[in-house]
1. Among the residues of the stretch 205-231, how many are of a type outside the set (S, T, Y), in a loop (DSSP other than H, G, I, E, B) and within 23 Å of P310 (Cβ to Cβ)?
2. May I ask you to say which residue of F202, F168, F145 is among the hydrophobic types (A, V, I, L, M, F, W, C) and modelled with pLDDT of 90 or more?
3. Condition first: modelled with pLDDT of 85 or more, β-branched (V, I, T) and assigned to a helix (DSSP H, G or I). Now tell me which residues in the stretch 1-56 satisfy that.
4. Is at least one residue of the stretch 26-40 under 30 Å from A245 (Cα atoms) and surrounded by fewer than 18 Cβ atoms within 10 Å (Cβ to Cβ)?
5. If you check F202, F135, which single one turns out to be among the aromatic types (F, W, Y), under 20 Å from G246 (Cα atoms) and part of a helix (DSSP H, G or I)?
6. In a helix (DSSP H, G or I), over 19 Å from the mean Cα position of the chain (by Cα) and touching a residue at least 24 places away in the same chain (Cβ under 8 Å), is that true of L240?
7. If you check S459 against the conditions, is it assigned to a helix (DSSP H, G or I), within 28 Å of I234 (Cβ to Cβ), small (G, A, S) and touching a residue at least 12 places away in the same chain (Cβ under 8 Å)?
Amino acid sequence: MTWMGSNWPALFLMAIFIALMVYHAWVGKRRTRGLVDYYVGGRSMGGVAIGLSFFATYSSTNSFVGYAGQAYSYGAPWLLLAPSAVMFSLIAWHWIAPKMREFAASLNSITIPDFIGFRFGSNKARVLASLITIFASLLYMTAVFKGIGNLLEVFLEIPYEVAILLVFMIVVAYTAVGGFISVVRTDVVQALLMICAAVLLFRGTVQAAGGIGALSILRDQPETAGLFSWNAAIPLPVLLGIIFAGTMKLIVEPRQLSRFYALEDRRAARRGMWVATLAFLFVYSLLVPIGLYSRRIFPEGMEDTDRIVPALLAGGDVFSPAVGAFLMVAMIAAAMSSLDSVLLVTASTCERDIVSLWRPSLSESASLRSTRLYVGLFALITALIALDPPGGIVTLTAFSGSLYAACFFPAIVLGLYWSRGNGTAVITSFLLGIATLFLWDYLPFAGGLHKVFPALFLSLLAYVILSLASSPHRSPELERLFDA
């Protein structure tokens, strides 16, 4: 049988999916009248759509390929990822979303770095926040490219490099053209696909492993019993740090927080909270155990856990060709839903928070054209890095999350709820958090604790001490917001 003949179900579904994205790009372009529309959908979007977009933006191939397979080596403690994602989703929507929407609208903020700059009266803090966002985004997008590249390489039997090129061309086309409106409309479809995919993936894997009770068999076998101890593969504090860094991003990462900028009102925020959190609860409860059940299907020989899910789809023994094709397309959708959001955030941050500070006279239409060009530029850079990625999916995702947690938690959470703080406090917390993340592994006592915990603690401590020791940044608008 020819390659086309054996892969036609997946190619047919892919064609439908790409056609839908083209349509959403066209709609997004028609409804985009300026930068606010292109960056945050005109601040007029409903809670259900934004809630699903919030879920879909986070749930990339990092989740369906990286997170789903990681329990193969990390064991049962990895299951703590699901409640952690649910908890941080609730925190993000209940405590961050209403305040962030109000501050962003009042300060005319449309990116996270410009919120930091306006809130603390510091262009230096704004530029540094932009550089952190761009660097962390490149790491995260590399992980997404790696996941989708592995998936297409195994399932469609095409070279990894060709897979990276295909993803690059598709995601750049509809993100650059349609902007935020296109991204959210596509995210809604992608979220629904991912919910269905999680059910099918869990059901097929559990059946192939011998049923729900297969975990008790693993627990009773000497060679796999260790997977059910608290320190199954790595010390528990390190594992908790990886989980914490990977899920805390829900309250500090620009691509997630940008969704709150687009909400039309507080009622939309309440609806979005329930939609997003229930989606996390349902989907991640199904995804996270996949790697553990896979121990019954692949007893040994899977050193790279990023290949667990692609192997399940490609083997033919676990899923029928039609179901496997649907799952593959759903996971491509998962990758797209994260890549488009991160690309848009990275490009808008570069244009608005770095370039426009040196070119303030640039017209809005010129800024819009530049942002579209930056979408393609950052996608190209990431695709090239993904050809030889510097780490696995979970490793890259966790480090990206650690950067956001250590740098942005004080500026965003305390910046919204505490009237003190200034540019010096923010910049110092940024630099101390970054230095701790990069230097922690070289310390002799570092092996028992994940770097995100000391980095976050020192960053937070520096911010609080300097905020108390110096005068806060004040403005009439900030005083009104805090008084309210």
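1. Filtering the stretch 205-231 down to residues of a type outside the set (S, T, Y) leaves 206-215, 217-223, 225-228, 230-231.
Keeping just the survivors that are in a loop (DSSP other than H, G, I, E, B) gives 210-213, 221-223, 230-231.
Cutting the leftovers down to within 23 Å of P310 (Cβ to Cβ) gives us 210.
So the answer is 1.
2. F202
3. Scanning the stretch 1-56 gives I16, V27, V36, V40, V48, I50.
4. No.
5. On the way: F202 fails: under 20 Å from G246 (Cα atoms).
After ruling out the rest, the residue left standing is F135.
6. Criteria not met by L240.
7. Working: assigned to a helix (DSSP H, G or I): yes; within 28 Å of I234 (Cβ to Cβ): yes; small (G, A, S): yes; touching a residue at least 12 places away in the same chain (Cβ under 8 Å): yes.
When the stated conditions are applied, S459 passes them.
Okay, residues lined up against (1) over 18 Å from the mean Cα position of the chain (by Cα); (2) more than 23 Å from L481 (Cβ to Cβ):
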{"site": "A97", "(1), (2)": "no, no"}
{"site": "A104", "(1), (2)": "yes, no"}
{"site": "P113", "(1), (2)": "no, no"}
{"site": "R126", "(1), (2)": "yes, no"}
{"site": "A129", "(1), (2)": "no, no"}
{"site": "K146", "(1), (2)": "no, yes"}
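The values are calculated or read from the model by the stated rules, or taken from the named source; none is laboratory data. On a predicted model such as this, the values are computed, not experimentally measured, just so you know. Every residue, glycine among them, receives a Cβ derived from its backbone with ideal geometry; neighbour counts consider all protein chains shown.
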